[in-house]
Structure formats: C-alpha cells, structure tokens
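Derivation of every value follows stated rules applied to the coordinates shown; laboratory data play no part. Quick caveat: nothing in here was measured; it's all calculated off a predicted structure. Using ideal geometry, Cβ is built from the backbone for each residue, glycine included, and neighbour counts are taken over all protein chains shown.
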Amino acid sequence: MNKKILNILKKKNKSPIVSLTAYSKSVAKILDKYCDIILVGDSMANVLYGLDNTHKITLQNIIQHTLSVKKGINKSLLVVDMPKGTYTNENLAKKNAKLLIKITGCDAIKIESNNKNFKIINTLVKAKIPVMGHIGYTPQFKKKFKIQGGTKNKRKKLLEEALAIEKAGAFSIVLECIVPQTSKLITNKLKIPTIGIGSSNNCDGQILVTDDMLGLSGFYPKFVKKYASLNRIIEKAVKKYTRDVKIKKFPKKKNFLNGSKF
Ligand code: KIV
C-alpha cells in the first residue's frame with residue numbers, strides 16, 4: 001500500500017488529520033507544509049469558475065488543476081475528485097480513474113456516494129486505485145444544501161452507507177454537513193478515518209475549501225471559520241488553521257450543526 005495512505009490510516013484515533021483543497025501549484029506549495037491531505041475538489045466549480053454547482057466540471061478541468069497542484073506537493077497525500085458523470089458504471093469509473101492517476105500522478109481519487117455505487121468503489125479498489133468516499137451532503141447528487149443525519153432513522157442510514165463504503169475498500173471517508181451525534185457514531189464504528197466538513201470535531205480529521213477559509217470565496221456558512229481575508233496572509237492563516245485542527249480548537253461548539261439552521 002502507498003506509504004502516504006498508510007500514514008493516514010495510522011492517524012485514526014491518534015492524531016487529527018489536516019486537509020484542505022487546492023487548485024493550483026502556488027496554494028498547494030503553502031498547504032503542503034501543513035496538510036496531511038490535499039484535495040483537488042470539484043468545488044473549483046463554485047470557487048474558480050463561478051458556477052452554481054459542481055455538475056459541469058469535466059475530467060479535463062480536474063486533470064489541468066491537478067497537474068498544477070501536483071507540482072506544489074512534496075509530502076501530502078494528493079486526492080482528486082472524480083467529476084459527476086465520470087463514474088456512472090464500473091468500466092467507466094475504472095477507465096477514468098486510471099487515466100486521472102496516469103496523467104496527474106495523484107495518490108487517490110474521491111467518489112461521492114449516491115448510496116448505490118459501492119460496487120464501483122470495490123471495482124476501483126480491486127484495480128489498486130485508492131478511493132476516498134464522501135457521504136452526507138454530496139453536491140453531485142443532492143440539490144439542496146442541507147444538514148444531514150439529524151434523525152434516528154437518517155443516522156442509521158448514514159451509518160449503513162459509511163459501513164458499505166468501508167466494506168467496499170475505501171481508505172477514508174468525507175462526512176459533509178453531518179450533525180455531531182451522527183458523525184461521532186460513524187467515526188466510532190468505522191475502522192477507516194473520517195474527514196469532516198461541517199460535521200463537528202467528532203471526526204478523525206477536518207477539511208475545508210481553502211478559498212472559503214481564507215475569506216476569498218464569499219461563501220461562509222456557520223461551519224466555516226474565516227482565518228484570513230487577504231492573499232498576503234495565506235501562509236499565516238494555514239499555519240494557524242493547522243494548529244487549531246491539531247489541538248482541536250476548531251471546530252468549536254458554535255460551529256457544530258444542530259437543528260436545521262446554518
Ligand atoms: O469538492 C470539494 O472541495 C469537496 C470538499 C468540500 C470535501 O468535496
């Protein structure tokens with residue numbers, strides 16, 4: 001197994017995993033000093049391309065930005081989002097994931113769950129492609145930006161989904177906008193690390209969209225902590241974010257999602 005992935009697995013229950021998104025070499029270079037995982041997210045749709053959702057991001061978009069990001073990375077695990085429509089069946093997923101890895105040299109790919117595509121994950125894993133799962137609010141499949149897992153029934157369903165993704169062979173899983181009780185349950189039941197976004201500090205690690213946390217995107221829901229407002233303090237801000245995550249100062253209780261309001 002990839003050494004970097006082994007290191008991520010070893011952090012479960014030991015040391016919080018620090019993750020951020022990057023779409024360019026210059027940002028990746030700063031992040032690399034502090035992050036365990038750098039994600040080339042399809043959030044580039046909103047952040048870079050000014051689109052309303054992630055649906056129009058293409059494999060070519062992702063490849064171009066990953067090639068740039070890769071140049072700024074020395075030590076972090078490089079994970080890349082598979083765009084919507086590029087993994088609708090096992091053969092297509094395998095073909096596109098292999099292409100992505102071959103062209104960009106990324107370490108792993110991330111796939112959003114639609115609560116059905118477990119076999120696709122398993123096919124990729126069997127083909128030696130490391131997969132990160134993604135549950136809760138999944139922008140490729142869910143139209144409404146909504147808090148997830150707030151009822152007993154929804155909690156049970158999200159846990160089942162997370163367990164199926166683990167069983168399919170994913171090495172970690174993103175929990176997006178999941179209430180603290182549910183993210184705690186999933187994190188406790190899973191052997192693989194959970195990476196939270198808007199899912200409290202009950203997760204094994206945290207991820208945020210870098211442009212949001214630097215105050216560049218204009219998108220600041222409650223779970224986003226703005227660490228800076230200006231480009232020139234990017235490095236200072238990433239360092240502080242990293243420290244906060246490591247000592248579990250972020251997210252604070254006030255960032256936790258409860259009820260239905262952000
Ligand atoms: O696209 C992205 O940036 C993501 C993170 C929000 C986890 O999927």
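What the table shows:
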{"item": "Descending semi-axes in whole angstrom, ellipsoid equivalent of segment 3-255, from the Cα gyration tensor", "result": "24, 22, 18"}
{"item": "Within-10-Å neighbourhood charge of Lys191 [Cβ basis; K, R +1; D, E -1]", "result": "+1"}
{"item": "For segment 3-255, size of Cβ-based charge dipole, Lys and Arg +1, Asp and Glu -1, in debye", "result": "760"}
{"item": "CD proxy at 222 nm, helix term only [per DSSP H run n ≥ 4: -39500 (n - 2.57); per residue of the chain; nearest 500]", "result": "-11500 deg cm²/dmol"}
{"item": "Euclidean distance between Cα centres, segment 198-262 to segment 10-67, Å", "result": "15"}
{"item": "Kirkwood Rh in Å, taken over segment 1-147 so that all alpha-carbon pairs contribute", "result": "15.5"}
{"item": "Cα-Cα over 18 Å, subset of Lys116/Lys142; Lys11/Lys146; Lys222/Lys249", "result": "Lys11/Lys146"}
{"item": "Sites matching trypsin sites (Lys or Arg not before Pro) across segment 203-262 that sit in DSSP coil, with at most 16 neighbouring C-beta atoms within 10 Å", "result": "Lys222, Lys226, Lys248, Lys249, Lys252, Lys261"}
{"item": "Residues in segment 191-213 that a label on Asp52 would reach, taking backbone N under 12 Å of a point 7 Å out along Cα→Cβ", "result": "none"}
